[in-house]
């Protein structure tokens, strides 16, 4: 895509509460007056049940060719037990568009959201960079003698030199970009000696190129303990696909829950995808109770990525004001519904 305006954003609202929170986030982004154009696609469980389509044949090529970013809501619906549509859409974007860096800011916006004893919101402000296209999620493996007492299941953990190096290098470059001074790599190389031995070797080599950044390592079980005991020690954490998935859910609890968590799936210089971290939560869909802040913060992250830093800053400040004034949904202490919370933030952005 060129640098011409407006920037074009493909919107996939998804399933369940995804449709509700993405609508509010789009409304807030429009209120910021960023020069963007939103184009909505109906890729979802509803579409799959209607005509069997998950992603059109040229869907990924079209997204890469015609859009500057993709904004995706939660996917998953009990009417599709296999969740094949979610796998094709979400994992398809990550793998087929090679969005190799999943970036998860972890920031607690107010002391009222901090769950830790003797800690404050300022203690929780770091970023997790998760390798997004390899590891245990590549669906390599199989089952032998299924359904018998002798059943064997094998799931391969795939790590390439290219994949490991580029995400580690991304973490260091990202730390420099946002003014952070430390990068920590986490693995389980004391047990997974082959796969994570590669991570150890590559990390050591890349560290040598970034003398201005302090590098360190923790095994993932120790990291989980220290995230709860003293999260203030972390700046940027880089890890593999599975561990990144797990520790970012723990991290979300430190910032007020999954409803507050934003993320981006990035390939520098290419069309990237942004999604709130939470699931589709079918039991809560249509009840106007879902927290839209994770989606709104994701929209701000996307705008910042596209070069609209001032507009993103206004949105982030409005979300902080909503939290501190309790203009929020019930899960974080307020009394507003999804729409009312989104409307309040949008009005604050307009000013």
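For residue 248, are the conditions met, namely being assigned by TED's automatic domain parsing to the domain that holds residue 318 and part of a helix (DSSP H, G or I)? Full working, then the answer.
Working: assigned by TED's automatic domain parsing to the domain that holds residue 318: no; part of a helix (DSSP H, G or I): yes.
Taking the combined requirement at face value, the residue does not satisfy it.
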Item to check | Of all residues making up segment 113-141, the number that are assigned to a strand (DSSP E or B) and at negative phi | outcome: 7
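Among 251, 222, which is the only one that is in contact with a strand residue (DSSP E or B) (Cβ under 9 Å, 6 or more places away or on another chain), more than 20 Å from residue 170 (Cα to Cα) and crowded, with 16+ Cβ neighbours inside 10 Å?
Details: 222 fails: crowded, with 16+ Cβ neighbours inside 10 Å.
So the residue among 251, 222 that is in contact with a strand residue (DSSP E or B) (Cβ under 9 Å, 6 or more places away or on another chain), more than 20 Å from residue 170 (Cα to Cα) and crowded, with 16+ Cβ neighbours inside 10 Å is 251.
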Next on the checklist: Among the residues in segment 49-64, are any modelled with pLDDT of 95 or more and either assigned by TED's automatic domain parsing to the domain that holds residue 258 or touching a strand residue (DSSP E or B) at 6+ places or on another chain (Cβ under 6 Å) (or both)?
Outcome noted: yes
Checklist entry - Restricting attention to segment 42-70, and to residues there that are within 20 Å of the chain's Cα centre (by Cα) and without any contact (Cβ under 8 Å) to a residue 60 or more places away in the chain, which single residue is nearest to residue 258 (Cα to Cα)? => result 44
Next on the checklist: Testing residue 246 on (1) over 18 Å from residue 183 (Cβ atoms); (2) in contact (Cβ under 8 Å) with a residue 60 or more places away in the chain, one condition comes back false. Which one is that?
Outcome noted: (2)
Checklist entry - Among the helices (runs of 4 or more DSSP H) confined wholly to segment 260-351, which include 2 or more residues that are under 30 Å from residue 131 (Cβ atoms)? => result 293-305, 309-324
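The values are calculated or read from the model by the stated rules, or taken from the named source; none is laboratory data. Quick caveat: nothing in here was measured; it's all calculated off a predicted structure. Positions of Cβ are generated from backbone atoms using ideal geometry, with glycine treated the same way; all protein chains shown enter the neighbour counts.
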